[in-house]
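Below: one structure, written as structure tokens.
Coordinate-derived values only; no laboratory data. Worth saying up front: this structure is predicted, and the values here are computed from it rather than measured. All Cβ positions, glycine included, derive from the backbone under ideal geometry; neighbour counts span all protein chains shown.
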Amino acid sequence: MRGFQPKHFSFNVDGGRCDTCKGEGEQVVEMQFLADVHLVCESCGGKRFKEEVLEVKCNAKSIYDILELSVDEAIDFFSASDGANIAKAIQPLSDVGLGYVKLGQSSNTLSGGEAQRVKLASFLGKGRANNKILFIFDEPTTGLHFHDIKNYLLLLMH
């Protein structure tokens, strides 16, 4: 109804992101001899989007509210509504043990292991293709709890 396009719901490009903080949610004040100071953006209150975009709701949640959901919370949220395709698309993230990660979490805040699991989830999410893919894992269970190892093995066997 408002003529919004997908870009309006991304804080990576102009359109719907806050013009003041460029979708960062904060402004950085550079201090010459001290650590930089990070202040919540006064325009968007740290929500990263313009007010007119935040007014758009999906089952009473704005894009900000949805991006604040963890992967597991988002699966529940979209499964309970007409978003079954969305829930199915993000299910591999939960399957690899990343259900606690927020949908809007910046990739540069992920650990090396989390980043590897995101990459694995992207391959798993593509489904069974005609082209075969060979994965070579070098000590994939190092540092994992026994419960996580069990889940990991079950995931790889399917």
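Could you tell me what a quarter of the Cα convex hull surface of the chain works out to, in nm² with one decimal place?
Spelled out: convex hull of the Cα atoms, projected over all directions, averaged, 13.3 nm².
Using the 2.2 N^0.38 Å rule of thumb for compact globular proteins, work out how the range 1-68 stacks up: its C-alpha Rg over that value, please.
So the Cα radius of gyration is 1.25 times the expected 2.2 N^0.38 Å.
Over the chain, what is the mean sequence separation of C-alpha contacts under 8 Å (at least six apart), divided by residue count, expressed as relative contact order in percent?
Normalised by residue count, the contact order of the chain is 13 percent.
Expressed in nm to one decimal, what extension gain is obtained for the pair VAL13 and SER79 from 0.36 nm per residue of sequence separation less their Cα-Cα distance?
20.9 nm
Counting other C-beta atoms within 10 Å, and keeping those with at most 15, which DSSP coil trypsin sites (Lys or Arg not before Pro) do you find in the range 69-158?
Those satisfying the criteria are LYS126, ARG128, LYS132.
Test of understanding: in a Gaussian network model of the chain with alpha carbons linked when under 10 Å, which of SER122, SER111, SER94 would top the mean-square fluctuation ranking?
SER111
Mind telling me which of LEU67, LEU144, LEU120 comes out most flexible in a GNM of the chain, alpha-carbon contacts under 10 Å?
Among LEU67, LEU144, LEU120, the largest mean-square fluctuation in the Gaussian network model of the chain belongs to LEU144.
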